[in-house]
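Undergrad: One structure, as structure tokens, below. Some questions next.
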Amino acid sequence: MTFPIKTCVVCSDEFELRPGKPGFANRCPSCSEPENANSGGGRSQSAEERQAEAEMNEARRRTIRDMLYRKDS
């Protein structure tokens, strides 16, 4: 059985899309490695960093909500 040949969106190399491949389906295994390394445990954040991230996420949610539900007059 042959696997589909995909082109990586990051480095434009061709790779075989195999079942169980870690990472994204549109990125080659070597370009998916940095995301895999960051996604597991991650690093611990200070209280100030968590607060800043929470405020940024709230502002992002508010902006998206306003864009979705605003009335165009």
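Derivation of every value follows stated rules applied to the coordinates shown; laboratory data play no part. None of the values given here were measured: they were computed from a predicted structure. No Cβ is skipped: glycine too gets one built from the backbone with ideal geometry, and neighbour counts run over all protein chains shown.
Undergrad: Just order 44-57, 17-30 by mean Cβ neighbour count inside 10 Å, highest at the front, would you? Write down the numbers at each step before the final one.
TA: On the way: 44-57: 9.8, 17-30: 12.6.
Per-residue Cβ counts within 10 Å, averaged per peptide and sorted highest first, yield 17-30, 44-57.
Undergrad: Evaluate E = 1/(1 + (r/R0)^6) for Glu33 and Arg60, where r is the Cβ-Cβ distance and R0 equals 25 Å; express this FRET efficiency to the nearest 0.05.
TA: Given R0 = 25 Å and the Cβ-Cβ separation, E is 0.35.
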